[in-house]
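Here's the structure, in structure tokens; my notes come after.
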């Protein structure tokens with residue numbers, strides 16, 4: 001497993017080793033022992049799988065508040081997506097900063113998004129699938145979002161000149177300046 005630190009502390013890019021032959025490949029996308037050997041100990045309890053049928057489908061920026069905050073291990077099951085995490089931990093030197101990386105079926109990269117980060121993505125191809133593990137169960141009363149186009153954050157989404165496809169939840173989400181982050185660095 002290749003582990004790369006991003007400019008945002010605790011946000012990691014993980015690339016599992018693929019073992020290929022004329023049939024295709026095999027890889028372990030998550031292995032508790034391998035993670036623990038690298039000091040990464042997570043108790044994942046839920047797997048999520050989402051399909052975005054159209055290119056330009058944007059989902060985010062989402063988070064779940066305590067007591068049901070979630071660490072996430074995100075990967076692309078099919079297609080390509082631009083995955084984004086934003087640090088919203090009070091006292092963090094990178095509060096309000098974002099990092100983005102392309103995840104695709106081909107590159108096999110994963111993003112480990114810790115509690116205290118917003119998460120979102122935009123599909124770069126039709127029928128893109130995102131698959132991710134979570135350390136807590138979905139709790140509707142803790143479900144929250146920040147506007148995808150918040151100027152304080154300034155994510156450079158690869159939308160070209162097109163308006164992304166958004167849910168009502170994401171269109172109506174508050175700005176970062178309008179919330180009191182429940183996370184501390």
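The values are calculated or read from the model by the stated rules, or taken from the named source; none is laboratory data. None of the values given here were measured: they were computed from a predicted structure. FYI the Cβ positions are ideal-geometry reconstructions off the backbone, even for glycines, and counts take in every protein chain you see.
General observations
- Exactly one residue among 120, 60, 108, 77 is modelled with pLDDT of 95 or more, assigned to a loop (DSSP other than H, G, I, E, B) and in contact with a strand residue (DSSP E or B) (Cβ under 8 Å, 6 or more places away or on another chain), and that residue is 108.
- Filter pass, residue 39 being on the phi > 0 side of the Ramachandran plot, surrounded by fewer than 17 Cβ atoms within 10 Å (Cβ to Cβ) and free of Cβ contacts under 8 Å to residues at least 60 places away in the same chain: yes
- Taking the stretch 32-55 as the range and being closer than 15 Å to residue 73 by Cα and either at pLDDT below 90 or not in a loop (DSSP other than H, G, I, E, B) (or both) as the test, the residues that pass are 32, 34, 35, 36, 46, 47, 48, 49, 50.
- Selection within the stretch 130-174 - closer than 12 Å to residue 59 by Cβ and outside any helix (DSSP H, G or I): 130, 132, 145, 148, 157, 164, 165, 166, 167, 173
- Any hit, the stretch 88-95, residues being touching a residue at least 12 places away in the same chain (Cβ under 8 Å) and under 28 Å from residue 53 (Cβ atoms): no
- Scanning the stretch 133-185 for residues that are surrounded by 12 or more Cβ atoms within 10 Å (Cβ to Cβ), closer than 12 Å to residue 88 by Cβ and touching a strand residue (DSSP E or B) at 6+ places or on another chain (Cβ under 7 Å) gives 144, 145, 146, 153, 181, 183, 185.
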